[in-house]
1. Of all the residues that make up the stretch 173-202, how many are free of Cβ contacts under 8 Å to residues at least 24 places away in the same chain and open to solvent by 40 Å² or more (accessible area, probe 1.4 Å)?
2. Assuming Ala113 fulfils every condition listed in (1) within 23 Å of the chain's Cα centre (by Cα); (2) open to solvent by less than 30 Å² (accessible area, probe 1.4 Å); (3) small (Gly, Ala, Ser) apart from one, which condition is it?
3. Please find, within the stretch 314-323, the residue that is farthest from ligand 1 (Cβ to nearest atom) out of those that are part of a helix (DSSP H, G or I) and in contact (Cβ under 8 Å) with a residue 12 or more places away in the chain.
4. Do any strands (runs of 3 or more DSSP E) lying entirely in the stretch 108-212 carry at least 2 residues that are farther than 18 Å from Ala10 by Cβ, in contact with a helix residue (DSSP H, G or I) (Cβ under 7 Å, 6 or more places away or on another chain) and within 16 Å of ligand 2 (Cβ to nearest atom), and which ones are they?
5. Any residue at all in the stretch 219-236 that is open to solvent by 50 Å² or more (accessible area, probe 1.4 Å), at pLDDT 95 or above and within 24 Å of Asn450 (Cα to Cα)?
6. Of the conditions (1) within 16 Å of ligand 2 (Cβ to nearest atom); (2) under 18 Å from Glu433 (Cβ atoms), Gly326 satisfies every one except a single condition; which number is it?
7. Go through the stretch 328-364 residue by residue and tally those that are away from ligand 1 (no atom under 14 Å from the Cβ), within 24 Å of Ala288 (Cβ to Cβ) and either in contact with a Lys or Arg (Cβ under 7 Å, 6 or more places away or on another chain) or of a type in the set (Val, Ile, Thr) (or both).
8. Being of a type in the set (A, V, I, L, M), under 27 Å from Trp458 (Cβ atoms) and more than 19 Å from the chain's Cα centre (by Cα) is the filter here, so list the residues in the stretch 333-385 that pass it.
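The values are calculated or read from the model by the stated rules, or taken from the named source; none is laboratory data. What you see is a predicted model; the values in this text were computed from it and never measured. Quick reminder, even Gly has a Cβ in these numbers, built from the backbone with ideal geometry, and neighbours come from all protein chains shown. What goes into the accessible areas is simple: the full protein's heavy atoms, side chains included, and nothing from ligands, DNA or RNA. Shrake-Rupley method; radii C 1.70, N 1.55, O 1.52, S 1.80 Å.
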Amino acid sequence: MRVAILTSEAVPFAKTGGLADVSGALPKALTEQDVDARLILPLYDQIDRGFLNGDSIEDIRVEWRGQVHHVRFALSDAAGAPAYLLETPEFFARPNIYGYKDDHIRFAYFSRAALALLKHLDWQPDVVNGNDWPSGFAMQELRARRRYDPFFQPIRTVLSLHNVGYQGFFDPGDLWWLGFGERPEVDDFMLERSASALKAGIIAADALSTVSPRYSREIQTRDQGHGLDWLLRSRADRLVGIANGVDYTIWNPETDPDIAANFSVDDLSGKRECKIDLLRRFGLPQDAERPIIAVISRLVKQKGYDLIRQIAPAIVQTGSFFIALGAGASEYEDFLQQLHERYPREVGIYKGYAGEPLAHQIEAGADMFLMPSLYEPCGLNQMYSMRYGTVPIVRATGGLDDTVEQFNPSTGTGTGFKFGPYEAGALLEKIREALYFYGRPDDWKKIQRNGMLVDNSWEAAAKKYAELYREVAQL
Ligand code: ADP
Ligand code: GLC
């Protein structure tokens with residue numbers, strides 16, 4: 001089985017969120033399932049050139065707007081599976097991964113170049129697995145090319161949906177010169193009065209996957225389909241939910257090189273050192289008896305920051321520390337700044353994308369981790385938290401509901417605390433419940449241990465992906 005994985009971000013190369021963690025881990029995990037999985041992504045400016053092998057594939061012909069471009073892909077094994085990184089300074093030598101007016105052009109170009117690479121290598125995968133809206137173009141293009149190019153004819157496609165809230169909208173006036181100006185392509189892209197790369201990808205892909213089972217059902221409802229529920233319902237027979245895994249070679253408190261002390265389920269003593277270290281890093285009083293409630297997330301509505309904002313003073317008044325790491329919308333960054341100024345001895349903040357070490361230090365040093373998401377396709381930090389003995393407090397939505405089990409004191413089962421309604425009061429109540437058990441060390445240890453013992457390794461997920469690829473290859 002050969003699979004080409006197209007992605008816009010992957011650890012260790014470039015990251016804004018969980019897609020990078022998944023794209024970085026899945027190819028490696030697939031390799032262990034005897035899948036020849038190869039990663040294709042853009043070579044952004046920010047990518048550390050130390051990850052590259054030094055070899056490259058030269059002189060690949062990409063037809064673009066009536067001209068032939070000759071492009072180059074750099075090679076890397078840093079993700080534990082072969083990776084090809086497209087060098088096109090015009091589109092990718094920029095400080096950020098997304099957020100430009102021509103993002104749709106950049107990823108349409110990337111899609112075209114990725115397919116050209118496959119042909120140039122004469123490496124014919126059974127499946128091209130795209131990710132999110134940036135791969136919508138490749139799904140469309142591959143379907144079109146199958147009609148006239150024998151090289152592409154046997155290749156099948158899977159589009160993995162990590163977040164239906166991001167649809168890659170652009171001006172339909174650009175469709176023509178992007179190469180999607182004919183029917184049925186135009187109709188496939190059109191959503192209301194815009195063109196949507198995600199919609200076009202959902203229509204063209206042979207099969208779809210989402211990053212948790214519950215999310216695969218949620219996006220088929222009007223409430224959570226972001227305007228695409230009707231389309232996703234119509235494709236329900238080809239839609240499967242596979243929960244993400246955790247890369248335990250990276251997220252493991254027993255071996256993590258970035259944390260102050262290593263610890264394990266049998267000996268949690270190092271966690272206290274990590275806690276002191278975390279308080280020190282954020283300039284907070286080093287009082288290890290008081291609980292630390294932490295959050296790491298993109299600062300967007302999806303992550304439930306509106307709820308956190310409403311109850312932040314109440315959290316501080318419980319006597320807990322509150323530590324937040326996040327980058328994103330200025331309204332939430334301003335809120336964090338003001339909260340910190342008001343409670344400098346209780347609240348620690350880091351605004352911006354901090355890279356990996358600080359995220360690991362927070363996971364290791366905190367006692368509780370908040371994820372009150374409005375919606376959450378899978379979510380990774382709740383699973384990282386569990387591994388680090390940090391108890392997640394989550395809203396029962398998407399992958400959070402699939403991966404966290406509410407603690408039940410009478411049976412001693414459960415890995416965290418879970419609330420239903422998207423309401424600040426419900427979140428605060430769960431925080432208080434968690435704090436109550438924090439005050440009962442035997443119960444708390446039980447919850448920590450339950451979480452640390454959960455096996456969310458990639459192996460199980462990779463098996464499901466391999467099975468999906470086998471089914472799709474038969475189509
Ligand atoms: P999403 O992909 O929606 O952002 P996930 O929970 O799947 O949410 O993954 C988020 C990933 O991004 C985690 O690895 C988390 O540690 C990381 N992350 C998020 N924000 C930051 C930040 N500001 N600095 C460093 N890492 C971050
Ligand atoms: C998306 C989702 C997140 C998921 C991640 C990786 O960014 O928001 O829930 O964990 O993709 O699949």
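1. Looking only at that region, the number is 8.
2. (1)
3. Top of the filtered list is Ala314.
4. Because the criterion is at least 2 residues that are farther than 18 Å from Ala10 by Cβ, in contact with a helix residue (DSSP H, G or I) (Cβ under 7 Å, 6 or more places away or on another chain) and within 16 Å of ligand 2 (Cβ to nearest atom), the strands (runs of 3 or more DSSP E) in the stretch 108-212 that meet it are 207-210.
5. No - not one qualifying residue is present in the stretch 219-236.
6. (2)
7. 1
8. Ala364, Ala366, Met368
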